[in-house]
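This report concerns only the one structure given below.
Bear in mind that the values in this text are calculations on the coordinates, not laboratory data. Keep in mind the model is a prediction, meaning the values are calculated, not measured. Cβ placement follows ideal geometry from the backbone for every residue including glycine, while neighbour counts extend to all protein chains displayed.
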């Protein structure tokens, strides 16, 4: 591994929250960190300058989507994902395991590989651990993920254990297949809501001595409390000297709960997807911009937010959504991503000052407080 | 009129092309100038910073659209269109005359007013010259347009003359209704393809001593040659000491032809609309980005273009369109608007160097040259 190093700077005195820096060949990532999702080599609606201005340091892209379109060879012809999309900071690619579960059609998994039909044109395709690594090496992300087997929750213990065991076997095959020294491969802990199985998976995965570890298979239907229980059990079994990545999570309150349990890295489509649907995260809780009460509201979404959307009024933003102007989704995506990045920056500050739990409680109280109309 | 002044700096020695500056309360506009179209208080997909970066100095918005949604009172509550949309440069509002012809349903025009049904919800509405002025005063644009009566071409001489006469009567009523000293009211010359009628309209309109004059009712189905003939006849009859605005035109070659006939100002949806449909204007003619030949084309759209899209490859831009990513339309809109602004900047330079006709011929040759595949 060249150019990768996880620097654990401080653990909060009152909880497991960690302030770290993950160094990559394309620069450092201050942790805890949130990655905006650039599924198909673009964070929906955002130009690279706008993306950088949100405060994002690391961006996620999806192996499954890029392999289908434009094809990893097209990305490789551009010298990889960095050059292709114009993002010169750290990039992480998901392996496709989650999309096999959530998006692909007629997915059949056996130990060799997953066979599925493309959600775009029904083409029959296969994805093996070796192929997932090869695609990610073509894409040239800084961090690649092992191929994992995701199952729906709740599910039978047999199905959950079978998928978790397969994920462990596949992690080893991914590690053995990886050839790039400038790409870090992260393992993925599966195991559903079974805390003992999660711990077992985390410990067996740690034997592979990977540069980072993720928790997968959450945010698939379980409650917030169930997720927090799993995290509380799992993170202590994950190596303390490697970054811990909670995949696909989540709401601001989920992030705070996970940070308190020692998670360092997140990704989620929520800020951009909700933004496209006129939902703005603010310091006083979410706003639904289509509401008539914003028709003449001259205030910005958040008084102290430095983003481009907050140079406009709620009245203008509402107008854009009511008129179907794409600038509405763009501006709210920018705002929500900025909200997430500012939340994480505040969290990092709270951790180094050993007051993360108080910070977290205060934020959650503010978001939940019913607003006067 | 406070803050308005048309400064005619130079007329090309070889043709009627003019280099001028139109001073407004929100700053100067170098002419000939092209206004991007922000129909509903947004240039589709562009943040204000991106819009400014294209080189645009003046932006157009539409009275008809804004009166319907969000309503001019909502815009006025924000202190007018500048504050509402966040554009602090000069703004021009069209009066709605063209939309009554192109978009509204069941439009019936008599001398009093136009009665029509909203294209959004079928509501029955009316627009009179007085109301068109009142709405534009609420919007607070720098330049307001008189309400004109636009008819389809070709048409009978009677219909064309009737609409042109009504446009003259309405221009006087608009002038008499206007109350804001910080808003310039431009007249509109109608008259179809009848050169004599156009000249008559231009001369009778000039009697109103308005701060600027437009040519309307073109780009509605006539050929390029017909349009140029009308322009060649009309512009000499328009006051030389006022800006001349050709409404809704057009293609790059149309702009060059009109500039040579003494036109100073343009607007058109073409750069943004075509951009949204994957068509890029380039120095070597238009490119259709969905074409397979761009799949691995690592070149930018234009080698010397400074826009955000040209920091990417044609391969990436094509991918965005094939994947349905909204960043594709955004980047191509940025590029096409930048192309138009650079074309106008080059035109201004050519005029002051008395070589506009040669410049224009050379550009048109380049755009028409068949490219090697």
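Placing a label point 7 Å from Cα along the Cα-to-Cβ axis, residue A:277 is separated from the same position in the other copies by 3.2 nm, shortest listed first.
In percent, what relative contact order does chain B have, based on Cα pairs under 8 Å that are 6 or more apart in sequence? Walk me through the numbers on the way to the answer.
Values: 764 pairs, mean separation 66.6, N = 373.
Taking the mean separation of contacting Cα pairs over the length of chain B, I get 18 percent.
Listed from fewest to most Cβ neighbours within 10 Å, the set B:264, A:303 follows the order A:303, B:264.
If you sort the three axes of the alpha carbon gyration tensor as a ≥ b ≥ c, you get a/c of 1.5 or more for the protein assembly as shown and a/b above b/c, which makes it prolate. Identify the residues of region B:138-170 with backbone N under 18 Å of a label point that sits 7 angstrom from the Cα of residue B:196 along the Cα-to-Cβ direction, or state none. B:155-165, by backbone N distance to the label point. For the peptide A:34-47, the mean number of other protein chain Cβ atoms found within 10 angstrom of a residue's Cβ is 4.
Please work out the Cα center distance from region A:139-174 to region B:311-347, rounded to the nearest Å. Comparing the Cα centres of region A:139-174 and region B:311-347, I get a distance of 40 Å. Annotation: the residues A:74, B:37, B:263, sorted from fewest to most other C-beta atoms within 10 Å of their own C-beta, follow the order A:74, B:37, B:263.
Axis angle, to the nearest 10 degrees, between helix B:327-352 and the longest C-alpha principal axis of chain B: 70 degrees.
Give the shape of region A:282-368 as rounded, prolate or oblate, defined through the alpha-carbon gyration tensor: a ≥ b ≥ c are the square roots of its eigenvalues, a/c under 1.5 means rounded, and otherwise the shape is prolate if a/b is larger than b/c and oblate if not. Verdict is prolate for region A:282-368. Within the listed set A:80, A:221, A:187, the Gaussian network model of chain A (springs between alpha-carbon atoms below 10 Å) gives the highest mean-square fluctuation for A:221.
Separation of region B:204-240 from region A:191-246 is 72 Å, based on Cα centroids. Take residue B:306, move 7 Å from Cα toward the beta carbon, and the resulting point lies 2.4 nm from the same point in each other copy, nearest first. Output the 0 to 90 degree angle, nearest 10, between the alpha-carbon long axis of helix B:356-368 and the longest principal axis computed from the alpha carbons of chain B. Roughly 60 degrees between the two axes. Between B:248, B:285, B:140, the GNM of chain B built on Cα springs shorter than 10 angstrom shows B:285 fluctuating the most.
Note on chain B: with a GNM built from Cα contacts shorter than 10 Å, the maximum mean-square fluctuation among B:148, B:267, B:254 falls on B:254. Residues B:360, A:181, arranged from fewest to most other Cβ atoms within 10 angstrom of their Cβ, appear as A:181, B:360. Axis angle, to the nearest 10 degrees, between helix B:129-139 and the longest C-alpha principal axis of chain B: 50 degrees.
Per DSSP H run of at least 4 residues, take -39500 (n - 2.57); add these up for chain A, divide by its residues and hand me the 222 nm value, nearest 500 deg cm²/dmol. Kindly include the intermediate steps, with their values, before the conclusion.
Numbers: 14 runs with 148 residues, N = 373.
Only helices count here, giving -12000 deg cm²/dmol.
Scanning chain A for the Cβ atom closest to the axis that brings A onto B yields residue and whole-Å distance A:326, 3.
Sorted shortest first, the distances from the residue A:108 label point to those of the same residue in the other copies are 6.8 nm; each point sits 7 Å from Cα along Cα-to-Cβ. The spacing between region B:1-41 and region B:284-307, judged by their C-alpha centroids, is 31 Å.
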